[in-house]
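> Structure incoming, see below.
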Amino acid sequence: MNKFVMFAGILSVGMTFSACGMFEEDPYVGGEFAKLVQKEQERSDTIRVVDNWDIEDTYVERIYSDNPEYFYFETSGSINEIKIEMRVECDEDGGKMTVSCLRYRRNGIWHYGPDIVFKDLDGNKMTNSDGYTIHMLDSLKVGKKTYKDVLEFDATGANENTCNFDKFYVAANDGLLRIDLQDSITIERKPGRK
């Protein structure tokens, strides 16, 4: 084998690992949570949702993702006073996920509970010290459509739930899929856009 071809191949593989954050000193997002940062995207949408009482609502959402370093998602409902912000940031220890959720709204001002933080992302399921859990699902079926690479945020095991919901589900490429409220009401995305 030609030494130049062999050197070029080794250099190419090394550059690929470096670009993907495979060396420990490079920033990266660990485990299955890396699926959230695999696509460059920036978009804002209004989606239609319906709850299990057939009450329809619209949610405004924004997604920004920068491969392989950052993922930002926010959504808020027009009828339900639910507002969620989530961001995933790359670092040399596997990254960090921060979730902020509306605690209540008074006089038109949103009041958030404390940030819910997951550090050193790894595997496909993590529970933080306050009992909140995040889990990457391969897929989730909502209505007749199956969505891939879905993050499940679960507050049901939290020592003191500071959110006004129990769970939410976000697809890396599609945004909000479902919210489970604390009173057994489920809000799901409807097919199509507004």
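The values are calculated or read from the model by the stated rules, or taken from the named source; none is laboratory data. The shown structure was predicted, so the numbers you read here are calculated from the model rather than taken from an experiment. Cβ sites come from the backbone with ideal geometry, for glycine too, and all protein chains shown count toward neighbours. Note: accessible area is taken over every heavy atom of the protein model, side chains too, but ligands, DNA and RNA are not part of it. Shrake-Rupley method; radii C 1.70, N 1.55, O 1.52, S 1.80 Å.
> Largest first, what is the accessible-area ranking of 110, 53 with a 1.4 Å probe?
Values: 110 75, 53 180 Å².
Descending order: 53, 110.
> Highest mean first, how do 28-38, 65-75 rank when packing is the count of other Cβ atoms within 10 Å averaged over residues?
Numbers: 28-38: 21.0, 65-75: 19.3.
For the peptides 28-38, 65-75, the packing ranking is 28-38, 65-75.
> Could you derive backbone 3J(HN,Hα) for the stretch 29-39 from the dihedral phi with the Karplus parameters 6.51, -1.76 and 1.60 (θ = phi - 60°), listing whole Hz in sequence and x where the residue is Gly or Pro?
10, x, x, 5, 5, 4, 4, 6, 10, 8, 9
> Dipole of the stretch 147-194 (Lys/Arg Cβ +1, Asp/Glu Cβ -1, origin at the Cα centre): which of 173, 185, 161 lies farthest to the positive side?
Toward the positive end, the furthest listed residue is 173.
> Taking H as built 1.01 Å from N, whose amide H comes closer than 5 Å to the amide H of residue 166, not counting residues under 5 places away?
So residue 166 has HN proximity to 180, 181, 182.
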